[in-house]
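Before any comments, here is the structure.
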Amino acid sequence: MTTPAVRHLRTLFISDVHLGTRGSQAQALLDFLKIHEADEIYLVGDIIDGWRLRKAWHWPQSHNDVVQKLLRKARKGTRIVFVPGNHDEFLRDYAGSNFGGVEIFEEAIHTCADGRKMLLLHGDKFDTVVRNVRWLALLGDQAYDFAIWLNGHIARVRRCLGLPYWSFSQWSKDKVKQAVSFVTAFEEAVVRDARHHDVDVVLCGHIHKAVMKNFGDITYVNCGDWVESCTAVLEHHDGRLEICHWHKSRDDELRQASLRRREPIAA
């Protein structure tokens, strides 16, 4: 298969990678970063899972490779901004600092190429369980880890059958009415906060649900995650925002490459 062409973008937005957990699809993110170059990269929280690392150390080479790839991009001139989340909240103590070319901010304002002002934050401050019932948040985190473990087994069976990736944990969350209500309340709370900042766009992570939609005069954008959906938000040079579903993109590339190999050679 031919190597995909490198895409040059104005800005990349990535959240919820959860390096340090077995569910993190670090290799997929590394593949994504190899063919996506940008003037700026915003890491919108939960890039490193400090909660999990405190309990058990899990840091394979692919996780280290993601960190090294980002640092190399910073050395080559890409501006990298880290907005910590609840799983890497230890970095909030260093807001305003710069480590190896990575700037750390509690929240950030980004100006899009078309002039729109964007507020960036992880979003956990709008999650009442994370803020007020810490033990329940940790219990929920363990349940989520089990769902991700089950995902891995389901994914292997589906690959053997030639079926595309499907997320059990995402499906189960979407089927629970209470979870859907939580997502709606979360989005509305994020948008209300954005109005206080007088911005046109608000971008966050935290709930692992990639989406872009309008709430009146505010565009709400969520990066999704690199545990289940493998999604990122791209800003093109004209200011247009796009959600990239990496699994789907890779599947399309493989199908197109397969078709190219089957094309007859012209006489």
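Points worth noting:
- Test: residue in segment 101-120 that is crowded, with 17+ Cβ neighbours inside 10 Å and over 27 Å from Glu242 (Cβ atoms): no
- Residue under evaluation Asp16, criteria (1) charged (D, E, K, R); (2) over 20 Å from Cys244 (Cα atoms); (3) out of contact with any Ser or Thr (no Cβ under 7 Å at 6 or more places or on another chain); (4) surrounded by 17 or more Cβ atoms within 10 Å (Cβ to Cβ), criterion not met: (2)
- Single residue of Ala5, Ala56, Ala38 found to be of a type in the set (Gly, Ala, Ser) and closer than 22 Å to Leu203 by Cβ: Ala38
- Residue check for Asp65: part of a helix (DSSP H, G or I), free of Cβ contacts under 8 Å to residues at least 60 places away in the same chain and either within 30 Å of Asp217 (Cβ to Cβ) or not hydroxyl-bearing (Ser, Thr, Tyr) (or both): yes
- Selected residue (criterion: modelled with the highest pLDDT) from residues of segment 199-237 that are part of a loop (DSSP other than H, G, I, E, B), of a type in the set (Val, Ile, Thr) and within 20 Å of Lys125 (Cβ to Cβ): Val199
- In segment 68-77, of all residues being without any contact (Cβ under 8 Å) to a residue 40 or more places away in the chain and within 13 Å of Gly100 (Cβ to Cβ), the one that is surrounded by the most Cβ atoms within 10 Å (Cβ to Cβ) corresponds to Leu70.
- Checking Asp16, Asp31, Asp39 one by one, the residue that is within 14 Å of Asn64 (Cα to Cα) and either outside any loop (DSSP other than H, G, I, E, B) or modelled with pLDDT of 95 or more (or both) is Asp31 and no other.
- Residue check for Thr11: under 15 Å from the mean Cα position of the chain (by Cα) and touching a residue at least 40 places away in the same chain (Cβ under 8 Å): yes
- Thr21 touching a helix residue (DSSP H, G or I) at 6+ places or on another chain (Cβ under 7 Å), under 18 Å from Asp124 (Cβ atoms) and either at pLDDT 95 or above or not in a strand (DSSP E or B) (or both): yes
- Complete set of residues in segment 38-66 that are within 16 Å of the chain's Cα centre (by Cα) and within 30 Å of Cys112 (Cβ to Cβ): Ala38, Glu40, Ile41, Tyr42, Leu43, Val44, Gly45, Asp46, Ile47, Ile48, Asp49, Val66
The values are calculated or read from the model by the stated rules, or taken from the named source; none is laboratory data. Quick caveat, the model's predicted, so the values are computed rather than measured. Glycine gets a Cβ as well: all are built from the backbone with ideal geometry, and neighbour counts include every protein chain shown.
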